[in-house]
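The next block holds one structure in the form of structure tokens; read it before the comments.
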2 protein chains.
Amino acid sequence: MDLSIGEVSKRSGLSVHALRFYEKEGLFANPVRRTANGRRIYHEEDLEWLASCTKLRSSGMSLAAIRRYVELARQGAGNEHERLALLRDHEQQVEAQIRELQECLDVIRYKADVYAEYVARGQADELWNPSRPDAEADCHRAVRP
Amino acid sequence: MDLSIGEVSKRSGLSVHALRFYEKEGLFANPVRRTANGRRIYHEEDLEWLASCTKLRSSGMSLAAIRRYVELARQGAGNEHERLALLRDHEQQVEAQIRELQECLDVIRYKADVYAEYVARGQADELWNPSRPDAEADCHRAVRP
DNA sequence: CTACAAGCTAGAGTCGGCTCTAGATCAAGC
DNA sequence: GCTTGATCTAGAGCCGACTCTAGCTTGTAG
């Protein structure tokens, strides 16, 4: 079942430009074949791989790292430890990202809650603003440098 | 207690370049004062505000959004609802980010676990590689398009 | 037969968020 | 007096990951 670049674009969510770009960057596991007149032909596996790529990308893995991974896979058996290490490494980075975001979220929530409370009490004008840098209700103070 | 740009850089973790850039972009709540000969003077509040900024930035808020927030604050009382809305909006975005990352993490873990299992069993060569696109142990299939 | 959509290539442009450079000024220590 | 290092300004440069353009070819529907 052959797929055109347009179909792959629709189903993968990546633009046709991006697909050509990914190919140029060596991000496809298998070389993309062409029809007699030069049009790209994709298959279901490509979509599966692209879905993986998209997950890796949207969790912050760079195209360079994905390329490294694909290159290892292309070399065939013998470097599975490296590939696994690459995945584990990224796993840890994602965990770290989540922890950091969670921390940011706590701060943002705290600030927003303080705001909400003051607004609800109609004392919004007691909130921090530049002309009252000493305001007690300075919710920015929540974040200690 | 006056602080030089160098001290603020050290304590905030932002480069002196970034500090000047932030100022040019209107990200400081209070206008940055200068000594007689033109050097910037900062205060503790600036550090506090920068710490907030850093949290917002590292949770993905754009400088443009931060500027909008600061502009509201500079206008003084009367727009607290807008400021609160801005914070709540970002809060939701961070929550969404965390959810997405968590989803990616699940996929990555699954893939890595499959890999690890095969490697442990010494059957690494049964794993997906480009020359065996039909390999049953294709851990990429974990991610359905 | 012709219009129009979809594809092709090479390469330029974009965007955000800094980073870096050049060339000048200034303060403090030797 | 002189060097060193911090600061200043304006503006150029960079990076990643696309996106878009121009100019051309090809396939299909009416």
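The values are calculated or read from the model by the stated rules, or taken from the named source; none is laboratory data. The structure displayed is predicted, hence computed values, not measured ones. Note: ideal-geometry Cβ built from the backbone for every residue, glycine included; neighbour counts use all protein chains shown.
On the basis of being within 16 Å of DNA strand D (Cβ to nearest atom) and either surrounded by fewer than 16 Cβ atoms within 10 Å (Cβ to Cβ) or over 30 Å from A:ILE98 (Cβ atoms) (or both), does B:HIS81 make the cut?
On the way: within 16 Å of DNA strand D (Cβ to nearest atom): no; either surrounded by fewer than 16 Cβ atoms within 10 Å (Cβ to Cβ) or over 30 Å from A:ILE98 (Cβ atoms) (or both): yes.
So B:HIS81 does not fit the description; no.
Identification of helices (runs of 4 or more DSSP H) wholly contained in segment B:4-69 with 2 or more residues that are within 12 Å of DNA strand D (Cβ to nearest atom) yields B:5-12, B:16-24.
On the stretch given as segment B:70-94, residues that are part of a helix (DSSP H, G or I) and at the interface with chain A (Cβ under 7 Å from one of its Cβ atoms) total 11.
Taking the condition β-branched (Val, Ile, Thr) and under 17 Å from B:GLN102 (Cβ atoms), does A:ILE98 pass? Yes, satisfied. Taken over segment B:3-46, the criterion of being among the basic types (Lys, Arg) and in contact (Cβ under 8 Å) with a residue 12 or more places away in the chain is satisfied by B:ARG11, B:ARG20, B:ARG39, B:ARG40. In the set (1) touching a residue at least 24 places away in the same chain (Cβ under 8 Å); (2) of a type in the set (A, V, I, L, M); (3) surrounded by fewer than 19 Cβ atoms within 10 Å (Cβ to Cβ); (4) not assigned by TED's automatic domain parsing to the domain that holds A:PHE21, the condition left unmet by A:VAL114 is number (3).
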